[in-house]
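Submitted below is the structure of interest, expressed as structure tokens.
Only the coordinates and a few stated rules stand behind these numbers; no lab work does. Nothing here was measured: the structure is a model prediction, and the numbers come from that model. Here the Cβ positions follow ideal geometry from the backbone for every residue, glycine too, while neighbour counts run over all protein chains shown.
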């Protein structure tokens, strides 16, 4: 899905919907590292866009992965997304995310900002990545993280 959506051009300004809603389903990848370990997770994302009001929201859950690349573990919890469409350009969106995930005996509190773009004709898909202000607390230790989503 990532290659397919990445292949789509950014939705042109004139092709951006100004009314109606869309629901996007896809995947999210989260990575974070302490001095001792690296955590890599993949989860399911659902995003709802209301083009009439300019509001975007959603959630990421069903995370799997962990600190051992050979043994995936389920992480309980979710990250909630909320934001606005067209803050900088008509075909972009900004959203905050926040939530707590539990797995492998560790608690991850993730927060930050996603910078996203609509792709394809009529905003057929979305891609977004976290910005530098995003972070995660793993067992109370604050570390940098990356969150990427792709959905259609």
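For the range 17-56, just say rounded, prolate or oblate: build the C-alpha gyration tensor, square-root its eigenvalues into a ≥ b ≥ c, call rounded for a/c under 1.5, and beyond that prolate if a/b exceeds b/c, oblate if not. Can you show the working numbers first?
Details: a/c = 7.24, a/b = 3.20, b/c = 2.26.
Prolate, since a/c reaches 1.5 and a/b exceeds b/c.
Right, next: In bins 10 Å wide, starting from 0, what share of all Cα pairs of the chain does each bin hold, as a percent?
12, 42, 30, 14, 2
Is the range 66-105 rounded, prolate or oblate when judged by the Cα gyration tensor, a ≥ b ≥ c being the square roots of its eigenvalues, rounded requiring a/c under 1.5 and prolate requiring a/b larger than b/c? Please list the in-between numbers first.
Values: a/c = 5.56, a/b = 2.63, b/c = 2.12.
Since a/c reaches 1.5 and a/b is larger than b/c, the shape of the range 66-105 is classed as prolate.
If R0 is 30 Å, what FRET efficiency do you get for residue 100 and residue 50 from their C-beta distance, rounded to 0.05? Each step should come with its number before you reach the end.
Numbers: r = 27 Å, r/R0 = 0.88.
Calculated value: 0.70.
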